[in-house]
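These notes are about the structure you will find just below.
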Amino acid sequence: IGVKPGTGVFGAAQAGTADSEITVEQFKQDYRNKVERMYGDGLERVSDLDKYNALVSLVRDYLAEPWLNTKEKYRRTGSKQVYYFSIEFLLGRLLGSNLYNLGLNEVCQQALGELGMDLRTLRQVEEDPGLGNGGLGRLAACYLDSMASLGLPGHGMGMRYRYGLFEQRIVDGYQREYADDWLMDGFYWDVRKPAEAVEVRFGGNVRIKSNGKTQYIHEGYETVLAVPYDVPVVGYRNGTINTLRLWSAEARLSEVVCAPQGGSDCQKAVEYSQTVEELSNILYPDDSTYEGKALRLKQQYFLVSAGLQSIIRNYRENNGHLREFPHKIAIHINDTHPVLCIPELLRILLDEEQLTWEEAWNITVQTMSYTNHTILPEALETWPEDLFRTVLPRIYLIVRDINEYYCRSLWETYPGDWDRISRMAIISYNRIHMAHLAIAGCHSVNGVAELHTDILKNKIMKEFCDFSPAKFNNKTNGVTQRRWVSLCNPALAQLITDTIGPRWVEHPQELAQLERHGADTAFQHHLLRVKLQNKVALAKYVKEKHGITLDVNSIFDSQIKRIHAYKRQTLNVLHIMALYNRLKENPLLDIEPHTFIFGGKAAVNYHIAKNTIKLINSLADLVNNDKSIRDKIKVVFLENYNVSLAELIIPATDVSEQIPTASYEASGTGNMKFMMNGAVTIGTLDGANIEIKQAVGEDNIIVFGLTAEEVLAYYRGGGYNPWEVYQGNERLKQVVDQLINGFFPGAGDLFRGHFDSLLYQGDHFFVLKDFASYEAAHRVLDERYKDRPTWLKMCSANIAHSGRFSSDRTFAEYATDIWHIRPDTLPFSASEKQTR
Ligand code: GPK
């Protein structure tokens, strides 16, 4: 999009970097040479994997120069650098996005075509780097794309897990988890930097030495070597290449005495290296749940300590005294997982730089900012004091000092109010509260959608907000339109560009111009064709992978996300069951054919969520094999949902299911991706759905269910009575009973847990309460769909108003409000960017 075939420009002159051009001929020649040099064999004789690796290697060569130039430019201009610390980065495949952002997509496509190959095939050879669980990790990846594309000096700090999020297979309807061996065939995008390795210390004890000035000597610790691997983060055709630094744990075996004692000690050395490397072996596969495992605490400190040491090393090479640190460096803490950045920076400033407490504390607070991503109590991290002290003795002492300092300042404002102070303390009842530490040690605390931030301010973090209101602010999430439209839906991107020109890729607010075309028949016709084409592609995948034939003329209705009680996949299931019952009663019922698509992983120990997967698959078996309903509805559960699968499902979807219990979904980002691709949302007034409604207007979204205020009011009153709802709604009673009455052949008591949670455990997530309203909303949706011109207008309105959900917008807000990066310190000014 917006690139003429054959020019393949990367590195814009405005950014002061290389302004190179790669022609198709050049590309072909470079590529052939690359294959021959890497494999000592001709292009015709190497495997697809070899071809893919050679292509990555070539792209790496092309981006080496702008990468180097970007680093040099940052050094030269001394511009403030942002480091986004996150325990997860769910990158998705990189070949397509890097080619696209370099402006080399068309050239490469054509060159490979002329060599008798297909770029799409090679793109699919790439393993998804599954270094994240879900929304939080994917958000971090979208932000990397936006930071580079806005030309902001912003980098990622993350973990290079040996095994990513587990691979999900469905066996007999159940989820089975398999190791995600994503590195098996190598990962050609990153560069190992052993010379920049740092040491991270665990355990041991702290000796206090006092000769005039107190000194803390950390002794008897165990050292883990942190080795960085740098991944280039390519900005969209602006010559900016930032860095995502992923850390890997290694043992320093040379320090383990091996040879003199002979064999058995060598054995010990190997065992030792295995325990050390455990640190970066696995990603914890839990979403929104906190697990108090020592290894997780170690991972968190490992990332933080390694990341900060490397930032400071780099800072010292280029800058003066650490007093200037907050003017040159901003550190962003993505959820509480990297919150140890706060005591770790203090440790360096106090123990290594010998600054006073006041100085060190002020520098730290000015440098750090924090984003909260959930109000779920089970996700709020707290660590047992004992464990913390044992694993991180020096950091523990610092956290104790922070606690004392913070409590003293609370005391000044609330003298004598012990209750309040103990509720707000960082250490209380022998636990360390990471969110409290984050609030105390950061100058900014933000939520991820307006409602979510309001709930933080007025409920979850109310007392903290009363104490320091200026810290709290909202930054509604966003997603990158480059991956989530241009790359995954090229036909739509082309249609948009043909209609309003190519500027929307960099200025997504310009999508608003589409509004004028929403009612235009020719435009509608094209839009319909694009959607159909995407549905055909998804149907092909489903047929090949699952053997199920989909009707591409049916409504594709998708709920793809982690399986979680609050996200209410169960509500969706109950509604489909009711629809199925109606069809069984009246086979001539006039309904639009529907395809209900599900995808998502359940945390390994989350039993009810795993059973929800079985429930969906049982329903699919029943419905898909029932000839009497004449294919009016189909249900599919797509195995191993990940970024690549999302890229296939979202462009093919008509209806986006965003149906959490109001107040629980902090923001949601899938809702934004669907909207950009012209799907219509059926949703509750929760998270960013509320802002989507504001953007598109109430005619272009279907909302239902309790509001957050109503939900919270019910909780205050002790819940509601699900039995009344159940008894009062025949159709609902029928489907709830069907969970346990033999409706699902052979299921026995499998779904008793679901049944009980709805009726005997108070239906905590208001599934029954919202059922009638959800069903009514679906009827409205079907009515609208029948009137195709109206429907297509709704689809266009969604695309047209999706600009504000671009992560470019979010990131510009973070940059100005939180990190205080002034436009004039940016590599190129906003006005220059406009003229490109
Ligand atoms: C929130 F707390 C967490 C978590 O551990 N993992 C995760 O993916 C999600 N999230 C929220 O659930 C979403 O509502 C939100 O859009 C996303 O984070 C990004 O902010």
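Just so it is clear, none of the values below were taken in a lab; they were calculated from the coordinates. Since we're looking at a predicted model, the values are computed, not measured. So basically every Cβ, Gly included, is an ideal-geometry build from the backbone, and we count neighbours across all protein chains shown.
Odds and ends about this structure:
- Taking every DSSP beta bridge that has both ends in the stretch 290-477, the antiparallel portion is near 35%.
- Gyration tensor over the Cα atoms of the stretch 205-251: the corresponding equivalent ellipsoid has semi-axes (square roots of 5 times the eigenvalues, largest first) of 41, 17, 5 Å.
- Theoretical ellipticity at 222 nm over the chain - DSSP helices of four or more residues, -39500 (n - 2.57) apiece, nearest 500: -14000 deg cm²/dmol
- Phi to ³J(HN,Hα) by Karplus 6.51 cos²θ - 1.76 cosθ + 1.60 over the stretch 596-602, Hz, x for Gly, Pro: 9, 10, 10, x, x, 9, 10
- Shape index of the stretch 737-829: Rg/Rh, with Rg the Cα radius of gyration and Rh the Kirkwood radius from the inverse mean 1/r over Cα pairs, equals 1.28.
- The distance linking the stretch 370-385 with the stretch 511-545 is 41 Å (Cα centroid to Cα centroid, whole angstrom).
- Total lysine pairs whose alpha carbons fall under 26 Å of each other in the stretch 290-477 (8 or more apart, or interchain): 8
- If both residues of a DSSP beta bridge must be in the stretch 62-183, then about 65% of such bridges are antiparallel.
- With contacts taken as Cα pairs under 8 Å and at least 6 residues apart, the chain reaches a relative contact order of 13 percent.
- Under 22 Å from the Cα of LYS733 - lysines, other chains or at least 8 residues apart: LYS567, LYS584, LYS614, LYS769
- Packing-based ranking, highest mean first, of 459-468, 552-561 given that Cβ atoms within 10 Å are counted: 552-561, 459-468
- Whole-angstrom gap from the stretch 396-459 to the stretch 708-724, using each part's C-alpha centre: 29 Å
- Restricting the calculation to alpha carbons of the stretch 481-799 gives Rg and Dmax of 19.3, 58 angstrom.
- The stretch 637-741: relative contact order in percent, alpha carbon pairs under 8 Å with at least 6 residues between: 22 percent
- The orientation-averaged projected area of the convex hull spanned by the Cα atoms of the stretch 290-477 comes to 10.5 nm².
- Pairwise Cα distances in the stretch 717-790 exceed 14 Å in 67 percent of cases.
- Sequence-separation-based contact order of the stretch 290-477, relative, with Cα cut under 8 Å and 6+ spacing, percent: 23 percent
- Convex hull volume per residue in cubic angstrom - Cα atoms of the stretch 639-769: 144 Å³
- Proximal aspartates and glutamates to LYS71, defined as alpha-carbon separation beneath 14 angstrom and excluding residues fewer than eight positions away on the same chain: ASP230, GLU317
- Eigenvalues of the alpha-carbon gyration tensor of the chain, scaled by 5 and square-rooted, set the equivalent ellipsoid semi-axes at 42, 35, 27 angstrom, largest first.
- Each DSSP beta bridge with both residues in the chain is either parallel or antiparallel, and the antiparallel ones are about 45%.
- Computed about the Cα centre, the dipole magnitude for the chain is approximately 560 debye when only Lys and Arg (+1) and Asp and Glu (-1) carry charge, each at its Cβ.
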